[in-house]
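Engineer: Have a look at this one.
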Amino acid sequence: MTDEKLLARITIDQNIFRGKPIIRGRRLAVEHILGMLAAGDTTETLLAAYPWLEPEDIQACLLYAYRLVSQERVEPLIVNTVP
């Protein structure tokens, strides 16, 4: 599946979670899936917990997160102190 098709699974609806990214218009936020994965849950655990969820949905969440952080830049803060 192409990146574009995966990312099409991530939608935004202002009426659901105030416009946070969700999976295929459902009341499941991308951040929730990412948080569960970060906590150590497996793809199998997620698929069992949400029977409508598909492996491609999880892959789409990871791709979405990757795309966000790949654009992120951290600039050092230079503070001039007067002795």
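The values are calculated or read from the model by the stated rules, or taken from the named source; none is laboratory data. What you see is a predicted model; the values in this text were computed from it and never measured. Cβ placement follows ideal geometry from the backbone for every residue including glycine, while neighbour counts extend to all protein chains displayed. Side chains included, ligands, DNA and RNA excluded: accessible areas come from the protein's heavy atoms. Shrake-Rupley method; radii C 1.70, N 1.55, O 1.52, S 1.80 Å.
Engineer: Helix 55-70: angle to the longest alpha-carbon principal axis of the chain, degrees 0 to 90, nearest 10?
Structural biologist: Roughly 10 degrees between the two axes.
Engineer: A further question on this structure: Measure off, as a whole percent, the carbon and sulfur share of the 1.4 Å-probe accessible area of the chain, all protein chains present.
Structural biologist: On the way: 3370 of 6110 Å².
Result for the chain: 55 percent of the exposed heavy-atom area is carbon or sulfur.
Engineer: Taking amide H atoms as placed 1.01 Å from N in the peptide plane, list the residues 5 or more away in sequence, or in a different chain, whose amide H sits under 5 Å from that of Ile10.
Structural biologist: Residues meeting the amide H criterion: Arg24.
Engineer: Only Lys, Arg, Asp and Glu count, each charged at its Cβ (+1, +1, -1, -1), so figure out the dipole size of the chain about its Cα centre, rounded to 20 debye. Could you put the intermediate results ahead of the total?
Structural biologist: On the way: 9 positive and 11 negative charges, 61 e Å.
That gives the chain a dipole magnitude of about 300 debye.
Engineer: Report ³J(HN,Hα) in whole Hz for each residue of the stretch 16-26, in order, from the Karplus equation J = 6.51 cos²θ - 1.76 cosθ + 1.60 where θ = phi - 60°; Gly and Pro get x.
Structural biologist: 10, 6, 6, x, 5, x, 10, 9, 6, x, 8
Engineer: Within a Cβ distance under 12 Å of Pro55, other residues only, what is the Lys/Arg minus Asp/Glu net charge? Mind dumping the intermediate values first?
Structural biologist: Details: positive: Arg9; negative: Glu44, Glu54, Glu56, Asp57.
In short, -3.
Engineer: Once Cα Rg over 2.2 N^0.38 Å is worked out from the coordinates, which option in (i) 1.15; (ii) 1.11; (iii) 1.42 does it equal?
Structural biologist: Computed from the coordinates, Cα Rg over 2.2 N^0.38 Å corresponds to (iii).
Engineer: Give the peptides 10-19, 54-63 in descending order of average Cβ contacts within 10 Å, highest first.
Structural biologist: Numbers: 10-19: 12.2, 54-63: 17.8.
Answer by packing, highest mean first, reads 54-63, 10-19.
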